[in-house]
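The values are calculated or read from the model by the stated rules, or taken from the named source; none is laboratory data. Note that the coordinates shown come from a computational prediction; the quantities given were computed from them, not determined experimentally. Methodologically, a virtual Cβ is constructed for each residue, glycine included, from the backbone with ideal geometry; neighbour enumeration extends over all protein chains shown. Just so you know, the surface numbers come from the protein's heavy atoms only, side chains and all, with ligands and any DNA or RNA stripped out. Shrake-Rupley method; radii C 1.70, N 1.55, O 1.52, S 1.80 Å.
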Amino acid sequence: MKRSSGIGKRIQANWELYLLLLLPVAYFIIFRYWPMYGVTIAFKDFTPAKGIMDSPWIGLDHFMTFFHSYNFEQIIGNTIFLSLLLLAIAFPIPIIIAIMLNQVANQKLKRFMQTSIYAPYFISTVVLIGMVFVFLSPNSGIVNTIIVALGGDPVLFMAKSEWFRPIYVFTEVWQNTGFASIIYLAALAGIDPHLHEAAVVDGASKWQRIRHIDIPGITPTIVILFILAVGNLMNIGFEKAFLMQTDINVDASEIIPTYVYKIGIQRGQYSFSAAIGLFNALINLVLLLIVNRTAKKLNGNSLF
């Protein structure tokens, strides 16, 4: 009783804060947690006419169908390979860019470079992919124009499977590096400047200060963002992959999000697509827990 009355007094004393908290909590309950009940259709033979409640249970049949499908290995392989490429290339580049920008002494030049790198983030993905198709056009694209001018033959970039992943990774780096680097620049700004002053007095070079002050200073931020990146490893952006996909490069561009869209939306197999999406989410959850636990043991930094 005393504990309940204590909680009541705290709520009464800070009712304004709890009132502000009410809307976000209601949003997550209504739009995030309540819809999770719909995941049950992954274990049912769902039909819209019967609804979720009355559709019959079929257990793990949809999962087994996906595991034994002819293109299971191709879809999983494409998703994992493209995810690892993004993690290996797109993740460290913002760190490097942030450290380089942090060393620029001229503030006007620094702001200009930061703005130039950050600007592509505001370009819509649809517009971005449209630009890619224009630039890589075999007839009038600037890239093929340069290749022909140098004596080469036009390359059908968007029609060849081997070019899908390099183009995808390049566009991802170009579009999102500026936004990601802001987080690391903020972390670098929080490093005590007296550490750099003391290092300069001791005769440390810029590289030594980067290695022994800047990198250790942003390591907690790097670890947290790496955990989040691994936890989202299998959730490659559907929009960009779908817009870049053609009938000719589908063997390299078919990933889990695009496959779920085709099965669930275009073909109306809602239960089957829900099962694939749930399988994908479980993989991400397992990866998140493993990497979070490993990071916590290695350096004490983790999400929870």
Restricting to Cα pairs under 8 Å and 6 or more apart, the percent relative contact order of the chain works out to 25 percent
Inter-part gap, Cα centre of region 131-205 to Cα centre of region 19-36, in whole angstrom, is 38 Å
Check: in the chain the Lys pairs 8 or more apart or on separate chains whose Cα atoms fall under 29 Å apart number 7
In terms of the alpha carbon gyration tensor, root eigenvalues a ≥ b ≥ c, rounded if a/c is under 1.5 and otherwise prolate when a/b exceeds b/c or oblate, region 2-54 is prolate
From DSSP H assignment alone, runs of 4+ in the chain each adding -39500 (n - 2.57), the sum over residues rounded to the nearest 500 puts [θ] at 222 nm at -20000 deg cm²/dmol
Carbon/sulfur accessible area of region 2-54, % of total, 1.4 Å probe, equals 71 percent
Scalar couplings 3J(HN,Hα) for region 205-217 by Karplus 6.51 cos²θ - 1.76 cosθ + 1.60 (θ = phi - 60°), nearest whole Hz, x for Gly and Pro, are 7, 4, 4, 5, 5, 5, 5, 9, 10, 5, 5, x, x
The chain, Gaussian network, Cα under 10 Å: of G264, G203, G231, the residue fluctuating most is G203
Per DSSP loop assignment and a cutoff of at most 16 other beta carbons within 10 Å, the chain keeps its longest run without exposed trypsin sites (Lys or Arg not before Pro) at 51-159
In this structure, the FRET efficiency calculated for L298 and L195 from their beta-carbon separation, with R0 = 22 Å, to the nearest 0.05, is 0.40
To the nearest Å², the heavy-atom accessible area per residue of region 61-299 with 1.4 Å probe amounts to 55 Å²
Rounded to two decimals, the Rg over Rh value of the chain from Cα coordinates and the Kirkwood Rh reads 1.05
